[in-house]
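Note sheet for the following structure.
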Amino acid sequence: MIDIQTVVPSRVARLNPVAKLLAIVALTVPLVLTLDAVSAGVALAIELSLFPFAGLGWRRFWRRTWIVWLLAPLTGVTIALYGQASGQIYAEWFVVRISEGSLALALATMLRVLAIALPSVVLFATVDPTDLADGLAQVLRLPARFVLGGLAGLRMIGLFVDDWRALELARRSRGVADRGRIRRFLGMAFALLVLSIRRGTKLAVAMEARGFGAPGPRTWARESRFGMAEWLLVLLGATIAAVAVTAAVLAGSWNFILGPS
Amino acid sequence: MSVSSSTPTTVTNRFRWRIVDIVVASVIGVASGLIFLAWNVGYVGPSTLLEPLLPGLQGLLDGPWLFAGVLGALVIRKPGAAIYTELLAAVVSALVGNQWGGFLTLEAGFVQGLGAEIIFLIFAYRVWTLPVAILAGAGAALAGGINNLILWYAGADVTFTIVYLISTVISGAVIAGLLSWLLVRALAATGALDAFPAGREVRQRV
Amino acid sequence: MTAQSALTPSAPPHPVAVGIEGWGWRHGSRRAWALREVGLRIEPGERVLLLGASGSGKSTLVRAIAGVLGADEGESEGSIRLGGALPSAARGRAGLVLQDPDSQVVLARVGDEVAFGCENLGVPREEIWHRVREALELVGLDVPLDRSTSALSGGQKQRLALAAVVAMRPGLIILDEPTANLDPDGVMQVRDAVARVVEQTGATLVVVEHRVAAWEPVVDRVIVLADGGVVADGAPEAVLRDRGEELADSGVWVPGHRPTWPPRATRPRGSVLVSTDDLVVARVPGRPIAEISHLEVTEGAATAITGPNGAGKSTLGLTLAGLIPPASGMVVPSSALADGQRGHPHQWPSRALLTRLGMVFQDPEHQLLARTVRGELEVGPRALGLAESEIAARVEELLHRLRLDRLAEANPYTLSGGEKRRLTVAAALATRPRVLVLDEPTFGQDARTWAELVALLARVREEGSAVVTITHDLDVVEALGADSFVLGGSS
Ligand SMILES: Nc1ncnc2c1ncn2[C@@H]1O[C@H](COP(=O)(O)OP(=O)(O)OP(=O)(O)O)[C@@H](O)[C@H]1O
Ligand SMILES: Nc1ncnc2c1ncn2[C@@H]1O[C@H](COP(=O)(O)OP(=O)(O)OP(=O)(O)O)[C@@H](O)[C@H]1O
Ligand SMILES: [Mg+2]
Ligand SMILES: [Mg+2]
């Protein structure tokens, strides 16, 4: 689950992560403003037809997205049972009210979760944290100290796994590994946090020792390019959203979430 | 040629982030992000149990997504710490992927961090006591709760809205506020926070 | 602003002078000053070896010189100047490689890691990559630029850290124990790399090392710290000849002054406590690292496991100590050792390991669990459920023997490198295991603690326990009269 460091090279993987982020924004914002099955369904259909070109491969695709496929229907069920009732009531029990309206909302919610979450999981699966940091600092001009600090923190995810293993051994060697499972887990999790903060403190010194945070301009060894391909990706995100929204408006199902309900 | 009269101390601005602040805030953010990831999946079970009791009660489960900002701020004690840590935790959650999509995860992280940040700002980044921590947890919850109601529970009715807001605020106050505060105390006791005011307060010279 | 001059790839750094006047430092959590009234002047281009007993303040001093000792981490007095400027203002003019190469990797790829310092100094892009390749070549690290930094062996990481600093072209290069944990070949290679770098760049060099012999040919000045100040300073031959006796007594490794060795083993060796059977070890399940032909650990004897970096020595140690399962084959405990425990050591409960198989990890920080040094020593005895009086007696004795009494209430993480090492050895001894496995027990130790540690191990051996030591330090093997077991000579 934590394999965000291993990125298989592909055309999509090489696109600037900032473009992926912007494409997701362009796609998500219009979709989240409405709650209707048509816009979400249309967007989802287009997205599904594009996923094979995302450079993920089916195995990785399922490994990354299974959780979304599992949770989207669950979210739908919640709304079906407790969502705002309208129209014909099919069943009623305590606070549960399954109605025509709540079923429609449920379907819309489920499709919306899929349409919003899937492309983002798929696009971000090919983001390399270092490239992302380069992009954030060079393209979006976020402050370098924070971007690189964050990147250093992110790199520690890889170390967490090793550290956890080392901690397990350490506690075993010191005779304190025989406790109950939950206590042991919590103890280890706390120890891991302590260890990482200590690591972070040391790393900060190491970064300063190499001139990090020095006054004066900083340069970037890797150029973060934002070219034609990147613009096209953003445009693609916006287009999918536009098609979906148009379809919803034409079908008369556009349902603005902030509007009167 | 270097004749110096006294210790050359640069006037350290109380609000300026040192490198160690940035890196440790990042570590806390990333570690919190891992908890987010676990909870993205783990909350589903309890949630399906709670909802039938009273719709909206699942707000009680929001706390584990809210603590990052409060924790970060209590350790770092600099402006923006709550937003930065909560946002970074959300970045981890978004990079690995979850059911809310990347942009909305980041947006939620920002809003929740902002909720906590505002409380610390009101106290001028001077008060770091338990009550303030609890308020900040509640603030994060309120901001996050309103955000969720608009974006994710758009179809919800009034009962749901009220129950949800109350339970998420309770969860934020207890899990994000109280627990973060206790966690910082425990961390300080280990000496891991010696580079920060929170750690120095409890340190004794040996 | 002349882009032309900035792009001259071989612009040499200006060697930096260091001026220290009446300088002192007190760590925020300590009552005692680590250093006081230090006065020194290091001329541009000088090559200095900084010596001193463990805990004498070497790491503290070099951090201050590099400007990374935060003003709020403690109190300071006096002044330090790098070529006239404050160290914190002269960032980039001094490059520091910290004591622990593992915890100073910032980025995920080798090339980016080396480029990091240059970026911070605002070096133009093309120039950066030129410098990166040059630095990697200079330190002899021959891996692709996109190799993951976490997939490097200990020795490679040490070279990487060096390259990262070299690429910045600092006028002052500071290295804090750059060769601890390297195999003997590695020590020579890194040393030669450093010599090459200062030769080519003319930079000022400050090296902290315990073992003088390896560095003597490279440096032209030796400075010795003790008791919170400078006690000797001058040309290597002069200092080591005139003050050799005195320095050796205070714990400095002086060539020709061998620390006292423990008496030879007097008791006959007993029966075998642990043996291996077609053992293959793996750190991560499913990835076997080394095959062990046959190894026997005997009561009242010492066994030394040696071999190059990355051969799998630590992994073997962990497997022998019952901490990780073998990939295949078996670790067979004698019935005397098992003493009622069934199955293989890695299946025993952790409490059962305490009195049977003790292990001291290579990285001390990985093993620390408590808030104070005293608490750390109490962890094991407490888990055994010993009486309070017994615990106190054992802890006091160990604190005293390893000269940690002064630090009994200190936080283990704030100890110096050598102090941490002593602490973890003491912690393992506290439960008196029948078999004691130690991974590099003597790295980073001054001559005096080295002698004490070796004497302690000899005593454990005399008392009838088995000592297994994994080490690059061949003196330990000899001093303990250990059976030698060499792992993987090919890589
Ligand atoms: N962060 C810290 N907080 C408190 N005390 C410290 C800290 N770092 C070092 N010390 C103490 O300051 C003294 C000098 O430590 P320093 O690390 O400079 O020694 P050293 O000469 O490098 O020793 P070694 O050879 O063992 O690495 C030691 O007594 C140590 O316990
Ligand atoms: N935590 C780990 N996870 C995965 N692989 C590891 C881990 N630690 C070590 N390895 C790998 O296992 C191999 C053997 O490592 P080990 O630490 O046993 O070697 P060693 O002989 O002790 O070396 P050194 O002399 O440098 O300490 C190396 O190739 C190393 O890269
Ligand atoms: Mg040191
Ligand atoms: Mg090893």
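The values are calculated or read from the model by the stated rules, or taken from the named source; none is laboratory data. Note that the structure is a prediction, hence the values are computed from the model and not measured. Virtual Cβ from ideal backbone geometry, glycine too; neighbours counted across all protein chains shown. Only protein heavy atoms, including side chains, enter the accessible area calculation; ligands, DNA and RNA are left aside. Shrake-Rupley method; radii C 1.70, N 1.55, O 1.52, S 1.80 Å.
Report, by residue number, each residue of region C:284-315 that is within 8 Å of ligand 2 (Cβ to nearest atom) and either surrounded by fewer than 17 Cβ atoms within 10 Å (Cβ to Cβ) or more than 14 Å from chain A (Cβ to nearest Cβ) (or both). Break it down into steps so the answer makes sense when it comes.
Filtering region C:284-315 down to residues within 8 Å of ligand 2 (Cβ to nearest atom) leaves C:284, C:287, C:289-290, C:307-315.
Passing the criteria: C:V284, C:R287, C:I289, C:A290, C:G307, C:P308, C:N309, C:G310, C:A311, C:G312, C:K313.
Pairs linking a residue in region A:84-103 that is touching a residue at least 12 places away in the same chain (Cβ under 8 Å) to a residue that is among the charged types (D, E, K, R), with Cβ atoms under 6 Å and 6 or more positions apart or on different chains, are A:Q84/B:D157; A:A85/A:R97; A:G87/A:E100; A:Q88/A:E100. Checking each residue in region C:247-276 for being open to solvent by 100 Å² or more (accessible area, probe 1.4 Å) and closer than 18 Å to C:R211 by Cα picks out C:D249, C:R258, C:T260. The set of residues from region B:35-72 being surrounded by fewer than 21 Cβ atoms within 10 Å (Cβ to Cβ), under 14 Å from the mean Cα position of the chain (by Cα) and without any contact (Cβ under 8 Å) to a residue 60 or more places away in the chain comprises just one member, B:I35. Looking at A:A85, A:A23, just one residue is at pLDDT 90 or above and small (G, A, S), and that residue is A:A23.
Any chance region A:172-179 includes a residue that's of a type in the set (A, V, I, L, M) and away from chain C (no Cβ under 12 Å)? Even if it seems obvious, please write down each step before you answer.
Taking region A:172-179 as the starting set, the residues that turn out to be of a type in the set (A, V, I, L, M) are A:176-177.
From the residues that got through so far, the ones that are away from chain C (no Cβ under 12 Å) too are none.
Checked region A:172-179: no residue is of a type in the set (A, V, I, L, M) and away from chain C (no Cβ under 12 Å).
Do we have C:L457 as out of contact with any Cys (no Cβ under 6 Å at 6 or more places or on another chain) and away from ligand 4 (no atom under 16 Å from the Cβ) here?
Values: out of contact with any Cys (no Cβ under 6 Å at 6 or more places or on another chain): yes; away from ligand 4 (no atom under 16 Å from the Cβ): yes.
Yes: the conditions hold for C:L457.
Restricted to region C:26-44, and to residues that are farther than 14 Å from C:V230 by Cβ and part of a strand (DSSP E or B), which residue is modelled with the lowest pLDDT? Going through the qualifying residues, I end up with C:H27. Per the listing B:V169, B:V184, B:V127, the residue uniquely within 14 Å of the chain's Cα centre (by Cα) and farther than 23 Å from B:T105 by Cα is B:V184.
For C:R47, the conditions (1) away from ligand 3 (no atom under 16 Å from the Cβ); (2) open to solvent by less than 40 Å² (accessible area, probe 1.4 Å); (3) more than 14 Å from chain A (Cβ to nearest Cβ) are fulfilled apart from (2).
Condition test on C:A115, is it closer than 24 Å to A:A144 by Cα and either at the interface with chain A (Cβ under 8 Å from one of its Cβ atoms) or open to solvent by less than 10 Å² (accessible area, probe 1.4 Å) (or both)?
Working: closer than 24 Å to A:A144 by Cα: yes; either at the interface with chain A (Cβ under 8 Å from one of its Cβ atoms) or open to solvent by less than 10 Å² (accessible area, probe 1.4 Å) (or both): yes.
When the stated conditions are applied, C:A115 passes them.
Would you call C:R371 buried (at least 16 other Cβ atoms within 10 Å of the Cβ) and either among the polar types (S, T, N, Q) or more than 28 Å from A:R199 (Cβ to Cβ) (or both)? It is false that C:R371 is buried (at least 16 other Cβ atoms within 10 Å of the Cβ) and either among the polar types (S, T, N, Q) or more than 28 Å from A:R199 (Cβ to Cβ) (or both). The condition of being in contact with a Phe, Trp or Tyr (Cβ under 7 Å, 6 or more places away or on another chain), more than 8 Å from chain B (Cβ to nearest Cβ) and crowded, with 18+ Cβ neighbours inside 10 Å holds for only one of A:T34, A:T28, that being A:T34.
Condition test on C:D220, is it away from ligand 3 (no atom under 16 Å from the Cβ), within 14 Å of chain A (Cβ to nearest Cβ) and in contact with a Lys or Arg (Cβ under 6 Å, 6 or more places away or on another chain)?
The answer is no for C:D220.
Of all the listed residues (C:T449, C:T442), the sole one being assigned to a loop (DSSP other than H, G, I, E, B) and farther than 23 Å from A:A177 by Cβ is C:T442.
So is C:E237 closer than 28 Å to C:P87 by Cα, open to solvent by 30 Å² or more (accessible area, probe 1.4 Å), away from ligand 4 (no atom under 16 Å from the Cβ) and among the charged types (D, E, K, R) or not?
no
Identify the residue in region C:428-440 that is at pLDDT 95 or above and either within 16 Å of ligand 3 (Cβ to nearest atom) or within 18 Å of the chain's Cα centre (by Cα) (or both) and, among all such residues, is surrounded by the fewest Cβ atoms within 10 Å (Cβ to Cβ). Ranking the candidates gives C:L438 first.
Being in the same structural domain as C:G45 (by TED's automatic domain parsing), part of a helix (DSSP H, G or I) and within 30 Å of C:T471 (Cβ to Cβ) is a property that C:Q99 lacks. In this structure, does C:A392 turn out to be in a helix (DSSP H, G or I), touching a residue at least 12 places away in the same chain (Cβ under 8 Å) and either surrounded by 18 or more Cβ atoms within 10 Å (Cβ to Cβ) or away from ligand 3 (no atom under 16 Å from the Cβ) (or both)? Judged against the criteria, C:A392 is not a match.
Note on region C:391-432: residues that are within 16 Å of ligand 4 (Cβ to nearest atom) and polar (S, T, N, Q) amount to 1. Of all the listed residues (C:V165, C:V198), the sole one being within 14 Å of chain A (Cβ to nearest Cβ) and either more than 16 Å from ligand 3 (Cβ to nearest atom) or among the hydrophobic types (A, V, I, L, M, F, W, C) (or both) is C:V165. The number of residues in region C:137-152 that are assigned to a loop (DSSP other than H, G, I, E, B), within 14 Å of chain A (Cβ to nearest Cβ) and either among the aliphatic types (A, V, I, L, M) or in contact with a Ser or Thr (Cβ under 9 Å, 6 or more places away or on another chain) (or both) comes to 2.
Among the residues making up region C:79-95, a single one is at the interface with chain A (Cβ under 7 Å from one of its Cβ atoms) and either touching an Asp or Glu at 6+ places or on another chain (Cβ under 7 Å) or without any contact (Cβ under 8 Å) to a residue 40 or more places away in the chain (or both): C:R91.
Between C:E134, C:E126, which is more than 9 Å from chain A (Cβ to nearest Cβ), over 18 Å from C:A193 (Cβ atoms) and open to solvent by 30 Å² or more (accessible area, probe 1.4 Å)? So that I can check it myself, show each step before the final result.
On the way: C:E134 fails: over 18 Å from C:A193 (Cβ atoms).
Matching residue, one of C:E134, C:E126: C:E126.
Determine whether C:G418 is within 16 Å of ligand 2 (Cβ to nearest atom), in contact (Cβ under 8 Å) with a residue 60 or more places away in the chain, away from chain A (no Cβ under 14 Å) and touching a helix residue (DSSP H, G or I) at 6+ places or on another chain (Cβ under 7 Å). Give the steps one after another, and end with the answer.
Working: within 16 Å of ligand 2 (Cβ to nearest atom): no; in contact (Cβ under 8 Å) with a residue 60 or more places away in the chain: yes; away from chain A (no Cβ under 14 Å): yes; touching a helix residue (DSSP H, G or I) at 6+ places or on another chain (Cβ under 7 Å): yes.
Taking the combined requirement at face value, the residue does not satisfy it.
If the condition is being under 22 Å from A:G175 (Cα atoms), open to solvent by 10 Å² or more (accessible area, probe 1.4 Å) and near ligand 1 (Cβ under 10 Å from one of its atoms), then region C:395-421 contributes C:N411, C:Y413, C:K420. Exactly one residue out of C:D227, C:D242 is of a type outside the set (A, V, I, L, M), in the same structural domain as C:V187 (by TED's automatic domain parsing) and under 24 Å from the mean Cα position of the chain (by Cα), and it is C:D227.
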